Structure formats: C-alpha cells, structure tokens
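Remarks on the structure that follows.
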Amino acid sequence: MELKKVRQAQRELIHLVLERANLNDLSRGLAFSYLGARVCYHDGHPLNLFSEEKFKDKSRFVSFLLHLKKAGHFSVFAHTPIVVDIAGLKPEEKYLLAKTYFKAFFDEERGLSLFNLRHFAEALDETQFLRLISVDLDLEGIQVRLFKKEKDDWAKRWEGSLASAVDTTFQAPQGFFATQEVILLEDKENPFLWTVVIAHNFSRIFSHQFVRHTWLNFNQRSHRYTQADFFIVPSCFKEKHVQVYQELIEKSLKNYHDWSREMKKESARFILPQGVATTVLASAPRLVFQDFVEKRAIPQAQEEIRDLAILLKNVLF
C-alpha cells in the first residue's frame, strides 16, 4: 500500500478513535512527550528538564508541542498514551483500526485499546490538535523512582510524584566517568500500566542494542547537538585497563574539541570511543517491558543491558 493511501486512511478513521478516546490521560501523558523531545538536546540530568520555564508555563508548553507537530517531529508524541473504548465496535471496524495504526494495542476482554498521541498528531489538523493538548497537567498522577548503580547493585536514591520532582534539583555526576542511573516514570491510572524508562549515562554500545526492541518508543540524547562529557567503564576493566582507556579518551577528546572548531560536532564525534555516555528514553505499556526483560535478563546479554533488564524485572515484575 502506498504511504499516501495509509495517511488518508488514518485521517478518515481518526475521528472514530477520537470520539471514543479517554482524553483525561493527556493531563498526565503530555509530560512524557515533552521529556522525549527535550532529552535529545540536553546534557544535564533528564529530570531537571521539568524545571524549565517552557515546561512550567502552560502557554509556552502548548506552543512548544504545537511547534513539534508543525515541524513533523511526530515520534515524540508516541510517548503519550491514550486509551480508547472499543467495546461495541464491529469486528470490521476493529480490524481497520489495527491495520491502519502502527503500535496500537487491543485488549478484547476489557474492551479497550491503547493508542498514543502520535496517531492523532499525524492525522489531525493544527486546530484540532491544539484543542487536544490544551489541558492542565496532572503531575501528581505520575510516580517517579530513581535508581543509581553502586558497585554491582542498584540503590533507590529518590522517589516521589513528578510534581515534587519539578521542585528538586538533580545533580550531574562529578569526575571523568559517569555513574549510571535508571529513572522510572509510571502512570498509575493507565489500565495498560504505561511506563517510561530513562537509561541515563549508559554507553553508545548499550543504546545500539536497546533500540533493537522496536515495540518500545525511543528518544535519545544526541551528540550532534550536545557535548561529549562522561564515559562508561565496564565492570570487567581492571586498574590497568582503566588507565589505558582514560588515556585514549583524553586523546580523543582533545582532538574532538579541536575538530569541533573546524567542522560540525556530528562529524567530529566519529573520533570518540563507543563508551561515551548517552541518555535513552523508552516508553511502552508494561507488557512490552516484560518482553524486553525476558530477552535481556539472561547471562548471555551484554552487561549494561542485562543490568537494566534485571533491575526492571525486580522492580516492575
């Protein structure tokens, strides 16, 4: 089927979805789309993004999301879930919805389907979309938990609502090598248990593997726009390995900063080691994270992605 025909089918069916959608979810879920959009261009702690005036001021917040739609940056809206009542729909109508919309989940027993804001951003005009996103945010409805890697285990270092996170300053790591963190944001009222996982200060080696789990929605810190600052050390490295590793990093960083004055960072970054730290945001209903855990919480998995999977297994399941 041609893309043009798919887009037309999405536009024709979106009003059937819209009239059955629970738009109350947007009061919580819109924060996730903001996070997905901003994490790409931010070198600090990801939770500090919620302290930005652009997030806290409603008019600026809505204008920012509308700008993303106008610019065609639809992927960030996939982080915002919208539950749709499918009870009473004809079988052929359900088939059309499932065939037309990518990453829509159907629960026949409960008569519910899980869509996301991307489905609406791509199919509605600007006026209709503006009405959707012009809601007051409910930050109390989102639970936040922050875990920090300490030696061979994870320790919970912060917990509270997203409303309380807005008024908290989260410190960046000190030193040359980063301490890894995992941040969970959960919409407890979502019947599909919508969950956002932020893998903060993980390596590019990790991210190449993580994004292979295509049921998840992703956004990632971009080294096209942010500076390379911290690096990840595998636990198997002994002191002699760390010494050589640090020497290589220091040499590559010097050239990286020199070359960045001659060319774009997106080209200069080719000289950086794969251990450079990045931040990856992933969102999905809980069942998708269960699939990730089953595939990666195993001895054969690479260390970083296995550690994340084991943490999620222990905390979510």
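Derivation of every value follows stated rules applied to the coordinates shown; laboratory data play no part. Because the structure is a prediction, the values reported are computed rather than measured. Virtual Cβ from ideal backbone geometry, glycine too; neighbours counted across all protein chains shown.
Numbers at a glance
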| quantity | calculated |
| --- | --- |
| Exposed GluC sites (Glu not before Pro) absent - longest run of the chain, DSSP non-H/G/I/E/B, at most 14 other C-beta within 10 Å | 110-261 |
| Ranked list, fewest to most other Cβ atoms within 10 Å of each Cβ, for S33, S75, S267, S113 | S267, S75, S113, S33 |
| Stokes-Einstein diffusion coefficient of segment 204-317, Kirkwood radius over Cα pairs, 37 °C, 0.692 mPa s, in µm²/s | 207 µm²/s |
| Extension gain, E247 back to R60 (0.36 nm per residue minus Cα-Cα distance, nm) | 62.9 nm |
| Kirkwood-Stokes translational diffusion coefficient of the chain, alpha-carbon pairs, 25 °C, 0.890 mPa s, µm²/s | 117 µm²/s |
| Overall dimensions of segment 256-317 by Cα: Rg and Dmax, Å | 17.0, 49 |
| Of K151/K254; K149/K264; K103/K265; K5/K99; K240/K295; K5/K94, those spanning more than 23 Å from alpha-carbon to alpha-carbon | K151/K254; K149/K264; K103/K265; K240/K295 |
| Degrees, to the nearest 10: 286-296 long Cα axis against longest axis of the chain | 40 degrees |
| Nearest-ten-degree value, helix 3-18 long axis tilted from longest Cα axis of the chain | 70 degrees |
| Sorted by Cβ density within 10 Å, fewest first, the residues T127, T226 | T127, T226 |
| Degrees, to the nearest 10: 239-260 long Cα axis against longest axis of the chain | 70 degrees |
| Inverse of mean 1/r across different Cα pairs in segment 99-198, Kirkwood, Å | 16.8 Å |
